[in-house]
1. Can you give the angle from 0 to 90° between the axis of helix B:195-205 and the longest principal axis of chain B, with both taken from C-alpha atoms, to the nearest 10?
2. Based on the alpha-carbon gyration tensor of the protein assembly as shown, what equivalent-ellipsoid semi-axes (square roots of 5 times the eigenvalues) come out, in whole Å, largest first?
3. Could you state the principal axis extents of the C-alpha atoms in the range A:186-229, from the largest down, to the nearest angstrom?
4. Enter the mean projected area of the convex hull around the alpha-carbon atoms of the range A:9-164, in nm², rounded to one decimal.
5. Magnitude of the Cβ-charge dipole of the protein assembly as shown, K/R +1 and D/E -1, about the Cα centre, nearest 20 debye?
6. Please list the non-local residues whose amide H lies under 5 Å from the amide H of B:Q150, H modeled 1.01 Å from N, same-chain partners needing a gap of 5 or more.
7. Once phi is turned into θ = phi - 60°, what whole-Hz ³J(HN,Hα) does the Karplus curve with 6.51, -1.76 and 1.60 give for every residue of the range B:81-98, x standing for Gly and Pro?
8. Based on the Cβ-Cβ distance of A:F252 and A:S216, what FRET efficiency does E = 1/(1 + (r/R0)^6) give at R0 = 30 Å, to the nearest 0.05?
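Derivation of every value follows stated rules applied to the coordinates shown; laboratory data play no part. Since this is a predicted model, take the numbers as computed values, not measurements. Cβ sites come from the backbone with ideal geometry, for glycine too, and all protein chains shown count toward neighbours.
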Amino acid sequence: MKELAGKTLFDKIWDAHVVEEIKGGPSVLYIDKHLIHEVTSPQAFAGIDKRGISVFRPQHTIATPDHNIPTVDQHLTIQDELSRFQVDKLTENCEKHGVTLYGLNHPYQGIVHVIGPELGITQPGMTMVCGDSHTSTHGAFGSVAFGIGTSEVEMVLATQCILQPKPGKMRITVDGELPKGVTAKDVILYIISKISTSGGTGYFIEYAGSVIRSLSMEGRMTVCNMSIESGARGGIIAPDETTFDYIKEKEFAPKGEEFDRAVKSWKVLKSDEDAVFDQELHFDAADIEPMITYGTNPGMGAKITGHIPFVEETEAGNRESYKKSLAYMDFEAGTPIAGRKVDYVFVGSCTNGRIEDLREVATFIKGRQKADHVTAWIVPGSKQVEKQAIKEGIADVLEKAGFQLRQPGCSACLAMNDDKVPEGKLAVSTSNRNFEGRQGPGSRTMLASPITAAAAAVTGTVTDPRSML
Amino acid sequence: MSTKKFHTIESTAVPLPIENVDTDQIIPARFLKATTRDGFGENLFRDWRFDKNDQPKTDFALNSSVYSGTILIGGKNFGSGSSREHAAWAIHDYGFKVVVSSFFADIFKNNALNNGLLPVQVSEDFLSRIFQAIEKDASSMLKVDLKNQQITLSASGEPSLRARRSQSERFDINPYKKECLLNGYDDIDFLLSIKETIAQFEQART
Ligand code: SF4
């Protein structure tokens, strides 16, 4: 008889949450925590109402508005009528169904993927979903977390379960030591540039190796956050002391003895030595430099010291799309990436809008000034981040350097509100997507780490931050 | 709540030979402010379809008088990026019943299936044959037979010729999802029907 192989971390959590297997079909997966926001939930609540049922387990769903809110004057009524209606609808639905809501101006409000971890809602071993693809962020804690569509949001509201086929398993190991000036964002941009925006499709990725272990929780969140940009269902990192230290004392984390008991149960959450992955990839930290994207999908990234690939250097079947992408960016193949003039700098989003990111930028910026022609926005990921930034004097440093500190929300990451990069303007952005028009119709986006964005703000051009450290 | 049953579709198709079509292109974020599922078709591919002054761009396939039909053909890695189900709603609302590509992003595929929009994944080779056939003759027909999981491309011309020149490929679909589509079953009805089991599962865990 063939010996049974060990289980991966992902298997352990997934299998423990399967309520029922449908023959030849998906699994019925139980969801521990469900996060919702104003854009992808109204149709789901409408569905519940139409069926005449109530939310099955309202205590497991948490709501906050983030995508479609202004980042100035949040104490006033939202000006845009449609946005206001959508945010009001969320409030109404939450009240009606007994769902906890951290509304505008609530001290816990913020981008869903920033508040979950900072409030201690996100914990190892959980299944978590949200009608948002960057739910993968929460995998940094050793939870199985992934984005879902609105029909699935309705499933969770109705039954606390979703129907889901089990994805394949991939492990990406990054070993070595990150050189100075190279951050978690560079690691994930590097990985996606290697495996492309479809390389992870069909998989759940476990990140491992000494580089991943050495990252802070914020850094791990940045890596897991962008898993989806490789097409993967999600990312996951085995919890360790870094994880437990982060969770300890957080608002909704278990306390005292209960916390110790929880840690004990979290410690077993790792892949068995003999676990088998469907695919394994290895990368060496020594090859990673500050990365930046030059095209219109997150896989089109390169070392900041490099050049925009010549057409012949790209995949044969893909060249028409490649040319279209460069035409949109108004970039020429073969030219150096660094040195081009930047109009906007955006530091924020669920990828890099946490307190550690703001600290990094402030440390870099201190005593420097942004270039005159650059508009620089800092958008904290949450109310708590904003508060902390003010408390630590970070807000001051940034404002002195000419940055605009705005109020928490998704902001220019998807430009649903007024925070839009104007047509034709070039932005260096710490967010996660550089699709055509993502930051406003006709806007052009280069994705990079917070310090690379800060360097661009200071010099007014795409600049290797290592030259300024 | 049952949804509409999916029947065999026979139609001409609209070609979109672009790779990595992301859901931000299918429906840009600024059109996601609605709180119902209707009307998204109007803004399908908004920034590819219309210029700054809201005038249709004549070189875009959806605006062409040559192409029509209820089948959309996209390049590899269709539907990547944001999980917004609005993308599937927009395509369906516009009037498409099937999207064909050689590769689909995961969440888009789920969203499409949950909305009676059938994603048909074909080989690279078959996809390029479809594109070529349509380019040569926009009246080329495609037949999507869900029950037999078969997609057939037939050249134009009189019926007997068409039959001889047609080429088919089998496509995969999860058997459960296939049943749902063919019969108009709804996932939530199913989940609601096992609520007892779910409650027992919760009990057993505590
Ligand atoms: S910050 Fe951007 S990526 Fe993150 S949840 Fe908001 S819109 Fe989505």
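1. Roughly 60 degrees, rounded to the nearest 10.
2. Numbers: eigenvalues 265, 196, 125 Å².
Computed over the protein assembly as shown, the values are 36, 31, 25 Å.
3. Extents along the principal axes, in whole Å: 27, 19, 16.
4. Numbers: hull surface 37.6 nm².
Average of the hull's projected areas for the range A:9-164 equals 9.4 nm².
5. My answer is approximately 540 debye.
6. Placed amide hydrogens put B:D145, B:F171 under 5 Å from B:Q150.
7. Karplus values, whole Hz, x for Gly and Pro: x, 3, 7, 3, 5, 3, 5, 5, 4, 4, 5, 5, 5, 5, x, 7, 10, 9.
8. 0.90
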